Every structure is written in C-alpha cells, then in structure tokens.
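Have a look at the structure below, then the notes.
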Amino acid sequence: MASATDTACTDSACACNTPAPAGGDRALSSGAPAGGMTVSQLKAALAAAPELPITVLWTDGEAIEPHFHVTEVGRVQRDFVDCGGTVRRLVTCLLQTWVGDDVDHRITGGKLLKAFVHAAPVLGNEDLPVELEYETCNVVQLVVASAERQGDQLVLQLGSKHTDCLAKELCLPSGKAGSQGCC
C-alpha cells in the first residue's frame, strides 16, 4: 500500500499521468522505497553546483515555474499496516515547494544546500530518499529521480510514485488450496 497522490488528477496540465523516465520509477514493494535520489546524493549535487539555479522537471520533461520556493525540508514518517497485516514504516525527506508571485525568485544549489544544513536536526543521520511536493491540480509528491548539471542550471528530474500490494503472497490468487487471502 503506497501513496496514490499522483494518480488522482486526470487534467493533462498537471503532469500526474505522465510516465517516468527510464530508471526513475519508484514503487513500494517491501515498505522501503527503491530508486530515486537520497539526501546525500542530492546534497553532493547541490554542493557541486552551488551557484547554479535549480530547474525542476516533471516526469514528462516540462519544467515547473522557475520562481518556485522550497518552503520546507522535512522528515516524513508513515507507519502503516499493509493488507496482509504486516506493520511497516516508510521514512522520506520531503521538499515542499510553493510558487508565489515573486517571479524574480530563483533558488540555487547553494541556497537549497543551506536549507539542508538547517534541516539536519530534523532529518537525523539517515540517508533518506528525497521526494518533492508540489501543488498543481492537486498536491502531488514525486520522487527526485536525478540531479544533473546542464549548462547554466542544475536540473532535478522528477520520477513517478506508484501504489503496490505489499502482501502479494497472501493477496494474489496462487491456485493453492487453503489460500486465505488478505481482504
């Protein structure tokens, strides 16, 4: 069981239904995220290009507004029970973004790196996977799949999140007699 925040919108303008680039998909299969960047990987990319403005690309390659703000760097912990009855925990670093009226605002690698310094007491020592939250037709959370210097900008490529059954061995028909099922 994973977040379905990126599947609720059918408006093509919000990029919710676009496929992720190869290698950028992320699914929950065991309660732990796979793929995407970790905090240490993102911080290394930011440190390598502190003067460059950051451009964030949707899964379809379109850029979000260049004057976005990162309003929060947070540690998000979700404790849940999957459909098979297993208690699980998912912990991520969430970058909340906001687009205001200040169209001259540009965040650089160095500015975001400073935000990570301030967030260190909250993030702790875990090398968490990084997600970005953005309000479009709905509030969506997407995986930060990669960070790459491209000319005069640092490009963060977003990847999709998907739901998954974490108890397939219990839930899916196996053809075996006596299979209980989960729901």
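None of the figures in this text is laboratory data; all of them are computed from the coordinates on show. This structure is a prediction, so every number in the text was calculated from the model and none was measured. Note: ideal-geometry Cβ built from the backbone for every residue, glycine included; neighbour counts use all protein chains shown.
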If the chain between Asp164 and Val91 were fully extended at 0.36 nm per residue, the gain over the current Cα-Cα distance would be 24.6 nm
For the stretch 99-105, Karplus-derived ³J(HN,Hα) couplings (6.51, -1.76, 1.60; θ = phi - 60°; whole Hz; x for glycine and proline) come out as 10, x, 7, 6, 6, 8, 6
Residue-ordered couplings for the stretch 106-114, obtained by feeding phi - 60° into the Karplus form 6.51 cos²θ - 1.76 cosθ + 1.60 and rounding to whole Hz (Gly and Pro as x), are 9, 8, 9, x, x, 5, 5, 4, 5
Stretched fully, the stretch from Arg78 through Lys111 gains (0.36 nm per residue minus C-alpha distance, one decimal, in nm) 9.1 nm
Label model pair Glu126, Ala48: point-to-point distance (7 angstrom along the Cα→beta-carbon line) in nm is 2.6 nm
Arg78 neighbourhood, Cβ < 9 Å, K/R = +1, D/E = -1, net charge +1
Total charge of the residues flanking Val87 in space, meaning their Cβ is under 13 Å from its Cβ, with Lys and Arg +1 and Asp and Glu -1, is +1
